[in-house]
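Student: Below you will find the structure I want to go over with you.
Nothing in this text is a laboratory measurement; each read-out follows from the coordinates by a stated rule. Predicted model only: the values in this text are computed from it and were never measured. Neighbour counts run over all protein chains shown; Cβ positions are idealised from the backbone, glycine included.
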Amino acid sequence: MEAKTEKIKVTVKTEKIKVTVNTEEVKELEISFPYYVKDGGLYCKFFNRSVAIWVSEYVFKSAIEYSNGAVPESWITFQPITEEEFNAKFKEVMNSLIDINNEKTI
């Protein structure tokens, strides 16, 4: 007995679509260092274009970090803030981290 095979015709529709792969925006800034910015819970102090210290305070994470060359250049375009705003947030997060560390050692 021979098996029957059926041929099914499938139609595939080909479309041309546009996809944005990469966009580049160039901003020209006139600033002096140190330069202070913020974006949401991220507060950043730039010492120059590639050296910065930043404070991050989110519900899930608080941290103070420093980098001497691996800072995303786009961060410098965040909302400008004053030195006082940065220092207040730095002190607040530092005290919080000290308190958390002291709780762990008790």
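Student: Return the single residue from THR82, THR23, THR11 with maximal mean-square fluctuation; model: Gaussian network over the chain, springs between Cα atoms under 10 Å.
Tutor: Its mean-square fluctuation being the largest, the pick is THR11.
Student: For segment 23-70, report the % of Cα-Cα distances exceeding 14 Å.
Tutor: That fraction is 58 percent.
Student: Can I ask one more? DSSP loop trypsin sites (Lys or Arg not before Pro) in segment 18-106 with at most 14 other Cβ atoms within 10 Å of their Cβ, which ones?
Tutor: Listed in order of number, the matching sites are LYS18, LYS27, ARG49.
Student: Here's something else I'd like to know. Rounded to the nearest 0.05, what FRET efficiency do TYR66 and LEU29 have when you use their Cβ-Cβ distance and R0 = 30 Å?
Tutor: Using R0 = 30 Å, I get an efficiency of 0.85.
Student: Next question, about the same structure. Considering only DSSP states other than H, G, I, E and B, which chymotrypsin sites (Phe, Trp or Tyr not before Pro) in segment 49-81 qualify as loop sites with at most 14 other Cβ atoms within 10 Å?
Tutor: The qualifying sites are PHE60.
Student: What label, among [x] 17.0; [y] 20.1; [z] 6.6, belongs to mean projected area of the Cα convex hull in nm² computed from the structure on display?
Tutor: [x]
Student: Once the Cα atoms of helix 83-105 and of the chain are each reduced to a long axis, what angle between those two axes, in degrees from 0 to 90 to the nearest 10, is obtained?
Tutor: The answer is roughly 80 degrees.
Student: Still on this structure, please answer the following. Mean residue ellipticity at 222 nm from the helices of the chain, using -39,500 (n - 2.57) per DSSP H segment of n ≥ 4 over the full residue count, to the nearest 500 deg cm²/dmol?
Tutor: Only helices count here, giving -7500 deg cm²/dmol.
Student: Separate question: Going toward the positive end of the dipole of the chain, with +1 on Lys and Arg Cβ and -1 on Asp and Glu Cβ, which of PRO80, VAL10, CYS44 do you reach last?
Tutor: VAL10
Student: On to the next question. Relative contact order for the chain using alpha-carbon pairs under 8 Å, separation at least 6, rounded to a whole percent?
Tutor: 21 percent.
Student: Loop-only check: which GluC sites (Glu not before Pro) in segment 26-106 are DSSP coil with at most 11 other Cβ within 10 angstrom?
Tutor: Numbers: sites: GLU28, GLU30, GLU57, GLU65, GLU73, GLU83, GLU84, GLU85, GLU92, GLU103; in loops: GLU28, GLU30.
Those satisfying the criteria are GLU28, GLU30.
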